[in-house]
Amino acid sequence: MAEQRDLYEVLGVDRSADDATLKKAYRKLAKKYHPDVNPGDKEAEAKFKEATNAYAILSDPEKRKQYDQFGHAAFENGAGGSTGGFGGFDFGGMDMGDIFGDIFGDLFGGGGRRGRADNGPRRGANLRARLNITFEEAIFGCEKEIEITLKDTCQSCHGTGAKPGTQPQTCPKCNGEGQIVYTQQSMFGMVRSTGTCPECNGTGKIIKEKCSACRGTGYTSSRQRIKVPIPAGINHGQSIRVRDKGEPGVNGGPRGDLLVEVNVARHPIFQRQDRNIYSTAPITFAQAALGGQVRIRTVDGDVMYEIKPGTQTDTRIRLKGKGVPSIRNKNDRGDHYVTLVVQVPTRLSEEAKQALREFDQACGNTPAPKQEHTEKKKKSFMDKLKETFEE
Ligand SMILES: [Zn+2]
Ligand SMILES: [Zn+2]
């Protein structure tokens with residue numbers, strides 16, 4: 001017999017490991033090496049079998065006791081051993097579905113519970129909708145209305161879908177369970193799996209005569225206008241929950257909710273980042289140089305702001321509390337940051353040009369050397385100008 005690894009070593013646990021530890025260790029290995037996850041990988045398959053074998057023995061108190069006492073020799077008599085199979089352990093008549101069912105059930109999503117007919121009350125599903133609002137509506141909040149199609153439990157059949165006076169019958173194929181158990185032969189022996197009953201689609205019930213009001217669906221639909229309160233400070237992409245405006249519940253369960261996702265339009269001037277607002281504001285050169293009051297647009301309307309003499313372009317000022325309100329407390333607002341941009345005039349009147357030249361001279365700016373001949377020209381032009389005035 002080829003040498004066999006110690007079973008505890010295979011699972012990577014102490015000899016004193018309890019059931020939960022064994023299960024956890026095996027689950028981890030099974031998930032990693034399961035043939036479904038590693039199709040065609042012989043090494044993974046061997047590892048999987050080795051771990052499965054170790055778990056099958058160590059999870060059984062009687063077999064674990066034998067193994068602890070005699071080691072692998074405990075299982076070398078009788079079935080197994082040289083027949084290959086699981087490295088010396090025979091799975092023969094065991095129902096592996098019972099041993100591993102719960103492990104594989106939650107390992108691979110199982111499907112076991114999906115589709116099971118449930119007669120208890122269940123909450124209806126949530127509905128989703130989108131809503132477009134303006135930048136200002138997002139800042140200050142508003143109330144909107146949207147129109148959606150809402151399902152309601154059919155009043156004629158009370159949601160059963162069966163013609164009034166009749167009752168849905170229990171599905172004979174699944175006995176009302178909604179799912180069917182399949183038993184399959186696999187490399188571990190018999191494995192049980194479950195699937196949705198094809199006869200009743202998992203509802204567990206068969207409707208012989210349909211309700212005419214709802215054509216057997218159990219629901220009626222209508223267009224409804226729903227008020228959606230938009231809280232101040234909401235941001236693009238956030239959702240508002242309108243309670244009880246989702247799908248109706250099943251078997252007397254509560255309705256689901258309506259989740260309205262908000263699309264906030266871009267603003268031509270303001271940008272938002274979290275709870276602050278950003279914008280730029282033009283100021284004239286004279287304002288920048290001399291200082292004084294400038295008019296600045298905010299979401300609350302225009303405000304006058306006193307700038308210092310000698311304000312440079314791209315100076316950023318903060319208007320405290322002119323930003324976005326907190327959704328929880330609308331009096332708690334962010335700030336508005338304004339970048340002041342000095343405008344260089346492009347269309348100047350002759351008068352303005354002259355004033356600027358004089359301003360430049362007053363600042364003591366001497367003309368550049370290469371412009372000497374133009375200086376002469378300018379002088380002569382000035383002289384001409386003087387002459388015309390003197391005439
Ligand atoms: Zn009906
Ligand atoms: Zn069925």
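The values are calculated or read from the model by the stated rules, or taken from the named source; none is laboratory data. Source: prediction; values computed, not measured. Note that we place each Cβ from the backbone using ideal geometry, even for glycine, and neighbour counts take in every protein chain shown.
When GLY165 is tested against (1) touching a residue at least 12 places away in the same chain (Cβ under 8 Å); (2) more than 30 Å from HIS267 (Cα to Cα), only condition (1) is not met.
Taken over segment 146-170, the criterion of being within 16 Å of ligand 1 (Cβ to nearest atom), charged (D, E, K, R) and in a strand (DSSP E or B) is satisfied by LYS151, ASP152. Is it fair to say LYS173 is part of a loop (DSSP other than H, G, I, E, B), more than 16 Å from ligand 1 (Cβ to nearest atom) and in contact (Cβ under 8 Å) with a residue 24 or more places away in the chain? Answer is yes for this residue.
Picking from residues in segment 194-219 that are polar (S, T, N, Q) and surrounded by 18 or more Cβ atoms within 10 Å (Cβ to Cβ), the one that is farthest from ligand 1 (Cβ to nearest atom) is THR194.
Of all residues in segment 249-305, those satisfying the criterion of being more than 30 Å from GLY124 (Cα to Cα), aliphatic (A, V, I, L, M) and in contact (Cβ under 8 Å) with a residue 24 or more places away in the chain are ALA265, ILE269, ILE277, ALA281, ILE283, ALA288, VAL294, ILE296, VAL299.
Considering (1) within 29 Å of SER221 (Cβ to Cβ); (2) β-branched (Val, Ile, Thr); (3) touching a helix residue (DSSP H, G or I) at 6+ places or on another chain (Cβ under 9 Å), the lone condition that THR183 does not fulfil carries the number (1). Is it the case that ASN132 is more than 36 Å from the chain's Cα centre (by Cα), surrounded by fewer than 18 Cβ atoms within 10 Å (Cβ to Cβ) and either away from ligand 1 (no atom under 16 Å from the Cβ) or modelled with pLDDT under 50 (or both)? No; evaluated as a whole, the condition is false for this residue. Starting from segment 185-207, take each residue that is touching a residue at least 12 places away in the same chain (Cβ under 8 Å) and part of a loop (DSSP other than H, G, I, E, B) and list its partners that are aromatic (Phe, Trp, Tyr) and more than 16 Å from ligand 1 (Cβ to nearest atom), counting only C-beta distances under 6 angstrom and pairs at least six apart or across chains. These pairs meet every condition: PHE188/PHE91. Which one of the conditions (1) surrounded by 13 or more Cβ atoms within 10 Å (Cβ to Cβ); (2) touching a strand residue (DSSP E or B) at 6+ places or on another chain (Cβ under 7 Å); (3) assigned to a loop (DSSP other than H, G, I, E, B); (4) among the basic types (Lys, Arg) does ARG255 fail to meet, given that it meets all the rest? Result: ARG255 passes all but (2).
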